[in-house]
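**Q** What follows is a single structure, and I will ask about it in a moment.
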Amino acid sequence: MSGAVVSKFTQDIDLEKLKDEVRRESRATGQQLQLVDRVRQIVSQRCAETIANLDEDGKKKLRVLQLEHNFLYSEGHDIPNPDFMTNENWVEAMELSSKSQRLKYYLHLQRKFYQKKADQLKKAAHKEEVQNRAKQEIYEHGRLFMRVYDQTMRKWLNYRLAAAMKHGIPLVLDMDYVDLMRPQEQKNTAHQLHDMYCLNRSDPGQDPFHLYFTGCHPNNAILKLMQVKTQDSPFLLSTVTEKSYMDLFDKDKLVYLSPQGRQVMKEFDPEAVYIIGAFNDKATQKPVSYARAMEQGIRCQRLPLDEYVNWNQGTKNLTLDQMIRIMLDLKRKLPWKTAFRHIPQRKLR
């Protein structure tokens, strides 16, 4: 599903109600239904209705875009076959204002197609390998090791998250940046938050953070996209609130982590409440988190990247999933060099 289309057509969806409906239908039919598939159906239906109800100007614009796509395809660009373009794809293309943006979008769709095909082949090969291995692992008294099911593991990991909500160290995700991001950036941020949530849940030190999603209104587009992905749990085992971190914690304990921070973070302080901005700023590259910290009069620190790693080029911004890996290592009192192993090598010399 594309970022702009999902954000546009899921704003009025009550995801909690939809989750309940999917669970009831799963119990009634005995099938394992997925929330993300139901959201896809809703988005697809609404895109079809949008295409069917276009006015004359809209129909003319759609015909022009389809002719443009056919021309690009005939020119040899590696883009989807016109027959494989869906209503959702055309609605997304109509939101783009230039030919270069649309070509970039079509190329992105084709890369996703190749990735999906590669993933399917990989899963099929893995399934075949497991089946062949199972045939060889036959013992007189059954299997050698007891099987631990994924559902059992999820329950155990969720139990640790629930315990962290009562006794864990808080880590704040400032969600009040939605208006500063484009739909695709919102989608990328939601993916990173989902990965961050899962990495925190599966902390090797078995001591996850208590995540606080602050400044998070019920219709927050990023939260909704994240909830669609976090479907293996009936609820988000974190604190989600519309309140600001300024209302929840002592101001003296707050520390905003920003790549533009003037103060260097020397070590992890278990008494501090660290704040990370849920913000994807590839396009703007503006010091918005630093400006927010200065405006609110709270401490702002940066990670000691210059002191411990040789950065290659570009801004020293890390993704949210990289940040949670680093913070979990620091909480376990591991050295900076060890914590920074999570930075991709392509960013380093």
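Here, each number is a calculation from the coordinates, and none is a lab measurement. A quick note: this is a predicted structure, and the numbers were derived from the prediction, not measured. Here Cβ is always computed from backbone atoms with ideal geometry, including for glycine, and neighbour counts include all displayed protein chains.
**Q** Starting from the amide H of SER244, placed 1.01 Å from N in the peptide plane, find each other amide H under 5 Å away whose residue is 5 or more places distant or on another chain.
**A** Residues meeting the criterion, in which the H sits 1.01 Å from N, are GLY215.
**Q** Does a label point 7 Å from the Cα of VAL36, set along Cα-to-beta-carbon, have any residues of segment 154-188 with amide nitrogen under 18 Å, and which are they?
**A** Counting only backbone N, you get 154, 184-188.
**Q** Sort LYS187, LYS253 so that the residue with the fewest other Cβ atoms within 10 Å of its own Cβ comes first and the one with the most comes last.
**A** Working: LYS187 22, LYS253 15.
So the ranking, lowest neighbour count to highest, is LYS253, LYS187.
**Q** Along the charge dipole of segment 150-347, Cβ charges K/R +1 and D/E -1, which of SER244, PHE279, LEU318 sits furthest on the positive end?
**A** The listed residue farthest towards the positive side: LEU318.
**Q** Of all the stretches in the chain, which is the longest one without any exposed loop site, taking GluC sites (Glu not before Pro) in a DSSP loop (any state but H, G, I, E, B) with at most 15 other Cβ atoms within 10 Å? If you can, show how the numbers build up before the last one.
**A** Values: sites that count: GLU75, GLU137, GLU140, GLU242, GLU267, GLU271.
Longest run free of exposed loop sites: 141-241.
**Q** With an 8 Å cut-off on Cα pairs and a minimum separation of 6 or more residues, tell me the relative contact order of the chain in percent.
**A** Values: 388 pairs, mean separation 58.2, N = 349.
Computed value for the chain: 17 percent relative contact order.
**Q** Quick check on the exposure proxy: order PHE209, PHE340, PHE84 from fewest to most C-beta atoms within 10 angstrom.
**A** Values: PHE209 24, PHE340 19, PHE84 11.
Fewest to most other Cβ atoms nearby, the residues stand as PHE84, PHE340, PHE209.
**Q** While we're here: For ALA28 and LYS333, FRET efficiency with R0 = 45 Å and r from the beta-carbon atoms, rounded to 0.05? Please list the in-between numbers first.
**A** Working: r = 50 Å, r/R0 = 1.11.
So, using R0 = 45 Å, E works out to roughly 0.35.
**Q** For labels at ASP12 and VAL264 in the simple 7 Å Cα→Cβ model, what's the distance in nm?
**A** It is 5.4 nm.
**Q** Taking the Cα-to-Cβ direction at ASP250 and at ASP150 and moving 7 Å from each Cα, how far apart do the two end points lie in nm?
**A** Rounded to a tenth, the inter-label distance reads 4.4 nm.
**Q** Cross-link candidates for LYS251: which lysines have Cα within less than 24 Å, leaving aside residues fewer than 8 places away along the same chain?
**A** Hits, sequence-local ones excluded: LYS166, LYS243, LYS266, LYS331.
**Q** Continuing with this model, one more query. Using Cα-only point scatterers and the Debye equation, what is log10 of I(q)/I(0) for segment 150-347 at each q in 0.09, 0.11, 0.13 Å⁻¹, rounded to two decimals?
**A** Rounded to two decimals, the profile gives -0.31, -0.48, -0.69.
**Q** Another question, if that's okay. Let me check against my output: what whole-number percent is the relative contact order of segment 3-114, with C-alpha pairs under 8 Å and at least 6 apart?
**A** Details: 58 pairs, mean separation 29.2, N = 112.
For segment 3-114, the relative contact order is 26 percent.
**Q** Sticking with this one: Taking neighbour Cβ counts within 10 Å as the exposure measure, how do TYR274, TYR149, TYR308 sort from fewest upward? Don't skip to the answer; put the middle values down first.
**A** Values: TYR274 23, TYR149 8, TYR308 13.
Placing the least packed residue first, the sequence is TYR149, TYR308, TYR274.
**Q** So if I place +1 on the C-beta of Lys and Arg and -1 on the C-beta of Asp and Glu, and nothing else carries charge, what would the dipole magnitude of segment 150-347 be about its Cα centre? I want it in debye, nearest 20.
**A** Numbers: 28 positive and 22 negative charges, 96 e Å.
The calculation lands at about 460 debye.
**Q** In debye, nearest 20, what is the charge dipole magnitude of the chain about its Cα centre with +1 on Lys and Arg Cβ and -1 on Asp and Glu Cβ, if you could check?
**A** Working: 56 positive and 45 negative charges, 191 e Å.
In debye, rounded to 20, the chain gives about 920.
**Q** Something else now. Of LYS19/LYS122; LYS17/LYS224; LYS61/LYS104; LYS19/LYS187; LYS155/LYS253; LYS116/LYS286, which pairs sit farther than 22 Å apart, going by alpha carbon to alpha carbon? Each step should come with its number before you reach the end.
**A** Working: LYS19/LYS122 30 Å; LYS17/LYS224 13 Å; LYS61/LYS104 19 Å; LYS19/LYS187 20 Å; LYS155/LYS253 33 Å; LYS116/LYS286 34 Å.
The pairs that break the limit, which is 22 Å between Cα atoms, are LYS19/LYS122; LYS155/LYS253; LYS116/LYS286.
**Q** Per residue of the chain, what 222 nm ellipticity follows from adding -39500 (n - 2.57) for every DSSP H run with n ≥ 4, rounded to the nearest 500?
**A** Details: 14 runs with 185 residues, N = 349.
After summing the helix terms and dividing by the residues of the chain, the value is -17000 deg cm²/dmol.
**Q** Quick check on the chain: of the DSSP beta bridges with both residues there, what percent are antiparallel, nearest 5%?
**A** Working: 1 of 21 bridges.
Percent antiparallel among DSSP bridges in the chain is about 5.
**Q** Evaluate the Kirkwood expression for the hydrodynamic radius of segment 3-114, namely the inverse of the mean inverse distance over all pairs of different C-alpha atoms, and round to one decimal in Å. It would help to have the intermediate numbers written out before the result.
**A** On the way: mean 1/r = 0.0632 Å⁻¹.
Computed over Cα pairs of segment 3-114, the Kirkwood hydrodynamic radius comes out at 15.8 Å.
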